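The values are calculated or read from the model by the stated rules, or taken from the named source; none is laboratory data. Only a predicted model underlies this, so the values are computations on that prediction, with no experimental measurement involved. Heads up, the Cβs are rebuilt from the backbone with ideal geometry, glycines too, and the neighbour counts pull from every protein chain shown. With ligands, DNA and RNA removed, areas are computed over all heavy atoms of the protein, side chains included. Shrake-Rupley method; radii C 1.70, N 1.55, O 1.52, S 1.80 Å.
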Amino acid sequence: MKKYFIQTFGCQMNVYDSWRIAAMLDARGYKPTNDVADADIIILNTCAVREKATNKVFSALGRVRDAKKPSALFGIVGCVAREVGANAFHRIPELNFVLGPQSYHKIPQILENPDARLLNIDLSGLEKFDELPQMVTSPTVCYIPIQEGCNHCCTYCIVPYTRGQELSRSFDDVMRDTKHAAQTGAVEICFLGQNVNGYKYTAPDGTIYRLSDLIRETAKIPEIQRIRFTSSYPTEMSDDLIGMFAIEPKLLPFLNMPIQSGSPDVLKRMNRPYSLDGYMEIINKLRAARPDIQISSDFIVGFPGETDSDFEQTLDIAKRVGYINSYSFKYSPRPHTAAAIMPNQVPENIKKERLAILDSLLNDIQHEFNDSCVGKTMMCLYEGSDKTGQHLIYRTPYMQQCVVRGTIPESGEKISKIKITGASKASIRGEFVND
Ligand code: 5AD
Ligand code: SF4
C-alpha cells in the first residue's frame, strides 16, 4: 500500500489546499503517514510570506531529503514553489516537482510519470478547486476558499506575486462546497480569501454576488451553526457586509481586519491608502451593528522608514481599538516587492525591540479581555481534549481557547453552553451550564 506525507506551512488557505491534495491521494488508494521514511510521496505545502517562512521550508526540505526512501517522489507546492521556481531544483536536486499555489492539481501527472521533473508555477486560475475530488469527511471547522490572490499590492507583500490577481469563485461552486462540508461533518464554516471581503462574482445572468450573499445562504443550512471569514481589507468592509453582523446570529462576533500600522506615513508607504479616521469609522459601524464584536489585527513593525513616533502611533491605535487575538511581525524584505528596495531599512535590533513592546501590549489587552469574560456564558465549539486527557478544549465565539474540566456531553453536540470561570493571558477556563 502506497503512503503519502504532507507537511503544511503558512495560512489557512494552505491548510485547505493540503486537505484537497490529501483527498486526491486518498481517492487513488494512498494512505497518510506521519513518517517521512515510510512515505512514497512527500509534499511540502509552503509559505513565503516572510524570509523566515521560506528558510523554514528549505531546512525542512533538507531534513526530508536525508530521511526519505530513495524511490519516494518528493516535491514542494504553494508559495515558495512560486517564489523560487526552477531554482528549487538547483538548491535541492532530489526534488521531483515544484508546483505553485494554483497548480497543485497537476500532482497526478507526476504519479503517472514519476521519472519526469514537473515545474508549473503559472497563475492559471482556480480550476484546482474543481479538478480534485472533494473530501469524504469534513473537519468540524471547515475552511472554504471563496477568493484567491490580491489586487491591493501592499508594498511589503509577496502574495500578489505568489497567488496572483484577485479571483472570486462562482457563488454556486462555493455553495456546493459549503453544503458538502455541512453534510460531511462541518459545524462551522470559515470563508477564506487573501482579500475575502472583496469577494465579488458576476453570474452569467448578470447577478452580482458578494460575501454577504454567501453568509445569508450559508446561514440557512441547519448543520452550520457558526460562520466567520478571514482576512478582510479595511476599506472593503461594505455596508451590506457590516449589516450581516446585525441580522445574522450565526455570524460570529469576531473579525480579523488588519491595520498593519497606526502611522499614516507608514500606511502610505505600505500602499494602504486609508486614514485612521476612516478605519475607526468602520469599527464604529461594526460596533453599532454588533455591540459585542471584537476585532483582531496583524501588525508589521520596522517597515522601512518607521520612526519611533510612527511606532508610538501603532501602539496608540492598538490601545484605542483594543484588538484581541492579534499577530505582530518584524518587517521582512521579500523578493518581487517594492518595499524591499526602499531606503531607510530599519536595523534588526530596533525591529526586535519594537516587536517585544507591541507583543507585550497586545498580551496585556488580551489578558484584560479574557478577564472581562469571567462570569459570562458563551456557546463554545468543541475542539478536542488536552494532552492530559482530563480537560476538554473549546473555542469561544471570539476564538479564545477555553479549557473545560469534564467529559464530552452525551448528546454528542459539538456546541455547548459554557460559563467562564477563570482567565489567563493565553486562555480562559469554564464549566458546562446545564439548563
Ligand atoms: N514582512 C512581515 N510581515 C508580513 N506580512 C506580510 N508580508 C510581510 C512582510 N514582508 C504579514 C502581514 C499580513 C500577515 C499575513 O503577514 O501582517 O497581514
Ligand atoms: Fe503564506 Fe501568504 Fe502564501 Fe498563505 S498566501 S502561504 S500566508 S505567502
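For region 315-339, a residue qualifies if it is within 12 Å of ligand 1 (Cβ to nearest atom), crowded, with 17+ Cβ neighbours inside 10 Å and not in a loop (DSSP other than H, G, I, E, B), and the qualifying residues are 328, 329, 330, 339. Residues in region 244-261 that are under 18 Å from residue 320 (Cβ atoms) and in contact with a Leu (Cβ under 9 Å, 6 or more places away or on another chain) were compared, and the one that is most open to solvent (accessible area, probe 1.4 Å) is 260.
For the residues 145, 101, 160, the requirement of being without any contact (Cβ under 8 Å) to a residue 12 or more places away in the chain, closer than 30 Å to residue 255 by Cβ and within 19 Å of the chain's Cα centre (by Cα) singles out 160.
The condition of being open to solvent by 30 Å² or more (accessible area, probe 1.4 Å) and polar (S, T, N, Q) does not hold for residue 147. Among the residues in region 273-285, are any among the small types (Gly, Ala, Ser) and either within 16 Å of ligand 2 (Cβ to nearest atom) or surrounded by 20 or more Cβ atoms within 10 Å (Cβ to Cβ) (or both)? Taking every residue of region 273-285 in turn, none turns out to be among the small types (Gly, Ala, Ser) and either within 16 Å of ligand 2 (Cβ to nearest atom) or surrounded by 20 or more Cβ atoms within 10 Å (Cβ to Cβ) (or both). Residues that are under 18 Å from residue 396 (Cβ atoms) and assigned to a loop (DSSP other than H, G, I, E, B) were ranked within region 249-260; the one that is farthest from ligand 2 (Cβ to nearest atom) is 249.
Residue 362 - would you say it is in contact with a helix residue (DSSP H, G or I) (Cβ under 7 Å, 6 or more places away or on another chain) and more than 15 Å from ligand 1 (Cβ to nearest atom)? When the stated conditions are applied, residue 362 does not pass them.
Matching residues to (1) outside any helix (DSSP H, G or I); (2) under 19 Å from residue 13 (Cβ atoms):
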residue: 191; (1), (2): yes, yes
residue: 197; (1), (2): no, yes
residue: 201; (1), (2): yes, yes
residue: 212; (1), (2): no, no
residue: 232; (1), (2): yes, yes
residue: 242; (1), (2): no, no
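Scanning region 151-189 for residues that are more than 12 Å from ligand 2 (Cβ to nearest atom), hydroxyl-bearing (Ser, Thr, Tyr) and outside any loop (DSSP other than H, G, I, E, B) yields 168, 178. Taking first residues from region 259-273 that are among the polar types (S, T, N, Q) and partners that are open to solvent by 60 Å² or more (accessible area, probe 1.4 Å) and part of a loop (DSSP other than H, G, I, E, B), the Cβ contacts under 7 Å between residues at least 6 apart in sequence or on separate chains come to 271/153. The residues of region 303-314 that are within 11 Å of ligand 1 (Cβ to nearest atom) and surrounded by 21 or more Cβ atoms within 10 Å (Cβ to Cβ) amount to a single one, 303.
Screening the candidates 126, 111 for the property of being outside the structural domain of residue 223 (by TED's automatic domain parsing) and modelled with pLDDT of 95 or more yields one hit, 111.
Tell me which residues, restricted to region 76-96, are under 25 Å from the mean Cα position of the chain (by Cα) and either more than 16 Å from ligand 2 (Cβ to nearest atom) or not assigned by TED's automatic domain parsing to the domain that holds residue 33 (or both). None; the set is empty.
Confirm whether residue 200 is open to solvent by 30 Å² or more (accessible area, probe 1.4 Å) and under 27 Å from residue 382 (Cβ atoms). Judged against the criteria, residue 200 is not a match. Taken over region 323-351, residues that are closer than 28 Å to residue 229 by Cα and in contact with a strand residue (DSSP E or B) (Cβ under 8 Å, 6 or more places away or on another chain) amount to 9.
In this structure, residue 405 does not qualify as over 25 Å from the mean Cα position of the chain (by Cα) and at pLDDT 95 or above.
Taken as a whole, region 387-402 holds at least one residue that is in contact (Cβ under 8 Å) with a residue 12 or more places away in the chain, open to solvent by 70 Å² or more (accessible area, probe 1.4 Å) and either among the charged types (D, E, K, R) or away from ligand 1 (no atom under 16 Å from the Cβ) (or both).
If the condition is being open to solvent by 60 Å² or more (accessible area, probe 1.4 Å), within 16 Å of ligand 1 (Cβ to nearest atom) and assigned to a helix (DSSP H, G or I), then region 38-76 contributes 51, 52, 55, 56.
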